[in-house]
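Worksheet: the structure to be examined is printed underneath.
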Amino acid sequence: MVGVNGTKFEKREPYLRVRITGLDRNRRDILFKFDAQTNLSNFTGTTYRNVSRTYLEFQQFYEALINNCPHTIIPALPLAQTSAPTDEEDDRLVKIMLQRWLTRICEDPIIIHDEDLRSFVESDFGYQPTPRPRRKGGSGFTLIRRGVADEDEALQRARFELTKLEGQFFDAAKAIDKLANARKALALAHAEMGNKLVGVATTESHPPLANAIRKLGRTWHSLADLDQAQAISECVVIGDTLGYQGMNARSAKDTLQQRNGVLEEYQAAAKSAISKRKNIERLKASSTIRPERVDEALEDLEEANRYERTLARRADGMSQNLHSALERHEK
């Protein structure tokens, strides 16, 4: 852009920045407060202060995005609770995780223009998802139905890799949980041993020996404290992270699986169009041609071709966008 005095102005990129400012657990559901700034044209304002949303509303927003944006990967919504030992630490970690999630959502070039995102930020009296018809998706029990050809090897390979990663992340998270439980049991055993030694020290009549036994008991108590702290750290730092990455892998896998549903629809539409064309050929070869049947067959063929082209464009668009989404999420 060029101003009246010849000065050049760069056009600002569209943005939406959301910053969580508070978290309140003194109610049945967690209440989050955030501020937002944007220059998006579909928003009515540019600055929003002290917006309040419950965790349930975040869940509804997440589900709406999955339904509205099958052509991009939606990161998994973080859980409302962590393995942190105190409420203060739990609140701090939940706030950090949800802030990262919102930042990723607002940086996605497809999600940023979704109407549910605007509604989530702008609604004055709570958020309600925009009612939209559910998109047809693939079966949740199989990776891909037999007979459905997928020529995009990169997306096909990504789907299988994400399926493996989902299981591996969740298995590792369960193993960390078992390890933490074992460490806690060991901490109890060490503490009990320390108690026994302190008890022996109280009955020992020889002061130097009693002092040595008491110190040995306190050493066992210190070992118990270390075991307990290590168990908690492993759950928070490693277990929670692995569990969330498993959820992320599942979300990405389910998105790629939705694409298979579109491919199934497209291939069914292509077969239907071929059938309509064959029907036209049969009518041409017929000795008695009825005009009304010809008109009806031509209309059916045109409709089938139009539907096939629509699904082909949708499948191609989803594939291109999912390639870009995978590149973003690999960074």
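One table, with the values for the structure above:
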item: Equivalent ellipsoid semi-axes, the chain, via Cα gyration tensor eigenvalues times 5, rooted, Å; result: 58, 29, 16
item: Dipole magnitude of region 16-135, debye to nearest 20 (Cβ charges: Lys/Arg +1, Asp/Glu -1, about Cα centre); result: 140
item: Taking the convex hull of Cα positions in region 176-330, its mean projected area over all directions (nm²); result: 14.7
item: Separation in nanometres of the label points that stand 7 Å from Cα toward Cβ, at residue 188 and residue 205; result: 3.7
item: Gain in span if fully extended, residue 298 to residue 171, counting 0.36 nm per residue against the direct Cα distance; result: 40.1 nm
item: Rounded FRET efficiency, nearest 0.05, which uses the C-beta distance separating residue 37 from residue 282 and R0 of 45 Å; result: 0.10
item: Average Cα contact separation per residue, the chain, under 8 Å, 6 or more apart, as relative contact order %; result: 18
item: Inter-label distance, nm, simple model (7 Å from Cα along the C-beta direction), residue 230/residue 13; result: 4.5
item: Surrounding net charge for residue 48, when Lys and Arg each add one and Asp and Glu each subtract one, Cβ distance under 14 Å; result: +3
item: 169, 43, 160 arranged by Cβ crowding within 10 Å, fewest neighbours leading; result: 160, 43, 169
item: Scattering profile of region 16-135 at q = 0.10 Å⁻¹ [log10 I(q)/I(0), Debye over alpha-carbon scatterers]; result: -0.29
item: Contour minus Cα-Cα distance for residue 26 and residue 124 (0.36 nm per residue); result: 33.1 nm
item: For the chain, size of Cβ-based charge dipole, Lys and Arg +1, Asp and Glu -1, in debye; result: 260
item: Approximate spin-label separation residue 115-residue 216, in nm, with each point projected 7 Å along Cα-to-Cβ; result: 7.6
item: Relative contact order for region 176-330, counting Cα pairs under 8 Å that sit 6 or more residues apart, in percent; result: 22
item: Estimated FRET transfer efficiency when R0 is 30 angstrom, pair residue 49-residue 87 (beta carbons, to 0.05); result: 0.70
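Just so you know, all these numbers are worked out from the coordinates, no wet-lab data involved. Quick caveat: nothing in here was measured; it's all calculated off a predicted structure. Note: ideal-geometry Cβ built from the backbone for every residue, glycine included; neighbour counts use all protein chains shown.
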